[in-house]
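What follows draws every value from the coordinates through simple rules; no lab data is involved. Just so it is clear, the model here is predicted, and its values are computed rather than measured. Quick reminder, even Gly has a Cβ in these numbers, built from the backbone with ideal geometry, and neighbours come from all protein chains shown.
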Amino acid sequence: MAAIEIPNALRYVQAIVSCQSMTGAANALHLSQPTLSTSVRALEQRLGTTLFLRNARGVVPTAAGRVLARAADAVFALLRHAEEEIQGIESTPTGHFIIGCYHSVGAIFLPGLTTALATRAPGIQLSFWEGIGPRVIEAVVDRTIHFGVDIDSDPPPKLHPDLVRVRMFRDVVGVVCARGKPAPGAPLFHVPRVHSSERVLEALRAKGRLPERVVACGDLDLVKSLVLSRAGIGILPWRLALHETPRGALRLLDTNQPFEVDVGCVYFRSDFHRTRAALLLREELIRRGRELDSVPMPCGIARIGS
């Protein structure tokens, strides 16, 4: 059986059932009566059945015609519902979005974001995806996530042609210690997979300032915990060192030691679907990042907004 051309066929059926007249239906559809009659005969041939009968009262649907009329009503009701839902997506801040970042960045960045959205746009639902460095950027490119928050070196690397990058705040990655003087021979903790941490490590080695004991760790939060417990010194981003840490509990070991400048950025595709919710979320991501930029940086590093 050949497929029905749904839009016109269903409109014709609805009009004939409603008007109970071929002439009335043709007028309602802005068609000539012969055109409508020809279309109905073609539809009946394709379905292999009779859809309408003429009697003294006009045109009435057969059992098959009533089935098709009910189907037409259901299809157009679904289309109206879909249209209303789409208009809601485009005009009200609702939707589900995935944000990707490294967990130590998320610990600093995401609480303020989720609090702001809960007040400003409770219809936006978020999921968080964890990755580091290139994995976050790749996930944005291949549409695994909608937005990525990542740390770039300064100056930043070349950008993928499909991506937009907004620079939000600077950070300093350096050698951090607990309050007081580190114990002689204290080990240096670092995270090999964090590129800026490894660049600081190599700079220390090049200057002959690398401690005798160097301990690799799995993540930056572990390094922070070890440093706070006075188990040694560590290479950490300054913002992470300050985050939820008692005032003065951690400090840079020496501002003359090698350090790296990183830049916190938000990434999204240039062709992302610009619904009201997506635009609002992008705005809140950037606003939250710019708030972080207000935290003073050591080593004379200027803010993005200065």
Counting all C-alpha pairs of the stretch 6-91, share separated by more than 18 Å (%): 45
Rounded FRET efficiency, nearest 0.05, which uses the C-beta distance separating ARG66 from GLU44 and R0 of 22 Å: 0.95
Pairwise label distance in nanometres, PHE76 with SER127, each label 7 Å out on the Cα-Cβ vector: 3.8
Whole angstrom only: what separates the Cα centroid of the stretch 213-237 from the Cα centroid of the stretch 123-175? 24
Residues HIS30, HIS81, HIS103, HIS190 arranged by fewest to most Cβ contacts within 10 Å: HIS30, HIS81, HIS103, HIS190
Hydrophobic long helices for the chain, i.e. whole DSSP H runs reaching 27 angstrom or more by Cα along the axis with Kyte-Doolittle mean at least -1.0, come out as 63-91
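Starting with the fewest neighbours, write out VAL140, VAL164 ranked by other beta-carbon atoms found within 10 Å of each beta-carbon.
Fewest to most other Cβ atoms nearby, the residues stand as VAL164, VAL140.
Based on DSSP, what percent of beta bridges with both residues in the chain are antiparallel, to the nearest 5? Write out the running numbers ahead of the final one.
Values: 27 of 41 bridges.
Given both bridge residues lie in the chain, the antiparallel proportion sits at roughly 65 percent.
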So how much slack lies between ARG54 and LYS207, counting 0.36 nm per residue of separation and subtracting their Cα-Cα distance, in nm? 45.2 nm
Suppose only helical runs count, i.e. DSSP H with n ≥ 4. What mean residue ellipticity at 222 nm does that imply for the chain under -39500 (n - 2.57) per run, divided by all residues and rounded to the nearest 500 deg cm²/dmol? -14000 deg cm²/dmol
Just for the Cα atoms in the chain, what are the lengths along the principal axes, largest first, rounded to whole Å? 108, 37, 31
What are the residues whose amide H is under 5 Å from the amide H of VAL176, where those residues sit 5 or more places off or on another chain and H is modelled from the backbone? GLY234, ILE235, LEU236, LEU253
Among VAL223, THR115, GLY133, which residue has its Cα furthest toward the positive end of the charge dipole of the stretch 103-223, with +1 on Lys/Arg Cβ and -1 on Asp/Glu Cβ? VAL223
Whose amide H sits under 5 Å from the amide H of THR94, counting only residues 5 or more places off or on another chain, with H placed in the peptide plane? ALA277
If the label point sits 7 Å along Cα→Cβ of LEU242, residues of the stretch 161-180 with amide N under 19 Å come out as 167-180
Name the residues whose placed amide hydrogens come within less than 5 Å of the amide hydrogen of TRP129, ignoring near sequence neighbours (fewer than 5 apart) on the same chain. ILE99, GLY100, CYS101
